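Read through the structure below, which is laid out as structure tokens, and then see the notes.
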Amino acid sequence: MRFDLSDDAKGEWFKFFRSEIKEGGEVNYLEPEADAGRICLRLATPEVINSIQSQTQKKVAEFVRNPKSRAMERVTYFDQTPEQEKKERELIWDHAIQEWEGILDKDGNEIPCTLENKLKLMNIPQFARFVGRCLQILTGLEELEAETATKNS
């Protein structure tokens, strides 16, 4: 099997599909419409995630007494303000959504693929469910869930 390592950041194109929430909270994904736009999505590599986290989190280390051993132990954790958490989400969505075609506003005008527009669209539940579902498909989580369900039946 051959892999092109020079283009590892290339995303996958998905035709936009709508979804509806049934009673009980189950989501039903519909088939794409004929004139649906397309969105290019990609997964974040560990390097990208580390880079984003280094911009939005502060590593904190402190010594805490272990009640069982009564010894002081070093504990490390990441501290993040609500603003940093918001910035982290924005950077992840900006990375995941590479580009799009045929995504239109209410007047039928093409929406430019900018960070501002990505964030506006991610606040629309229909769009956020679509992106979430496509990222599930990219990670192979869909197959893993089906496999687990089959084994547990």
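Using amide H atoms built 1.01 Å from N in the peptide plane, name the residues 5+ places from Ser19, or on other chains, whose amide H lies under 5 Å from its own.
Those lying under 5 Å, H to H, from Ser19 are Leu30.
May I have the convex hull volume per residue, in Å³, for the Cα set of the chain?
Working: hull volume 38.4 nm³, N = 153.
Looking at the chain, the number lands at 251 Å³ per residue.
Which listed residue (Pro46, Pro112, Ser19) has the Cα farthest towards the positive end of the charge dipole for the chain, taking +1 on Lys and Arg C-beta and -1 on Asp and Glu C-beta about the Cα centre?
Pro46
Calculate how large, on average over all directions, the projected area of the Cα convex hull of segment 43-120 is; give the answer in nm² to one decimal. Each step should come with its number before you reach the end.
Working: hull surface 30.6 nm².
With the hull built on Cα positions only, its mean projection is 7.7 nm².
Contact order normalised by length for the chain, with contacts defined as Cα pairs under 8 Å and 6 or more residues apart; what percent is it? If you can, show how the numbers build up before the last one.
Details: 166 pairs, mean separation 34.8, N = 153.
Relative contact order comes out at 23 percent.
Roughly what would the spin-label model give for Asn66 and Leu43, points 7 Å off Cα along C-beta, in nm?
3.6 nm
Would you please give the FRET efficiency between Ala36 and Asp79, computed as 1/(1 + (r/R0)^6) with r the Cβ-Cβ distance and R0 = 35 Å, to the nearest 0.05?
Working: r = 42 Å, r/R0 = 1.20.
The value I calculate is 0.25.
If packing is taken as the average number of other Cβ atoms within 10 Å across a peptide's residues, how do 14-25, 64-75 rank, most packed first?
Details: 14-25: 12.5, 64-75: 8.7.
Per-residue mean Cβ counts within 10 Å order the peptides as 14-25, 64-75.
Report the full-extension gain for the segment Met1 to Thr114: residue separation times 0.36 nm, less the Cα-Cα distance, to one decimal in nm. All intermediate terms of the calculation are to be shown ahead of the outcome.
Working: separation 113, 0.36 × 113 = 40.68 nm, distance 3.59 nm.
Between Met1 and Thr114, full extension yields 37.1 nm more.
If Rh is defined by the Kirkwood formula over all Cα pairs and Rg also comes from Cα, what ratio Rg/Rh do you get for segment 1-77? Intermediate values should be presented prior to the final figure.
Details: Rg = 22.9 Å, Rh = 18.2 Å.
My calculation of the ratio gives 1.26.
Which residues does a label at Arg18 reach in segment 78-103, if reach means a backbone N under 20 Å from a point 7 Å past the Cα toward the Cβ?
Residues 101-103 fall inside that zone.
What's the whole-number percent of alpha carbon pairs in segment 78-120 lying beyond 11 angstrom? Write down the numbers at each step before the final one.
Values: 619 of 903 pairs.
Counting pairs separated by more than 11 Å, the tail of P(r) holds 69 percent.
None of the figures in this text is laboratory data; all of them are computed from the coordinates on show. The structure presented is a predicted model; accordingly, all values stated were derived computationally and were not measured. Positions of Cβ are generated from backbone atoms using ideal geometry, with glycine treated the same way; all protein chains shown enter the neighbour counts.
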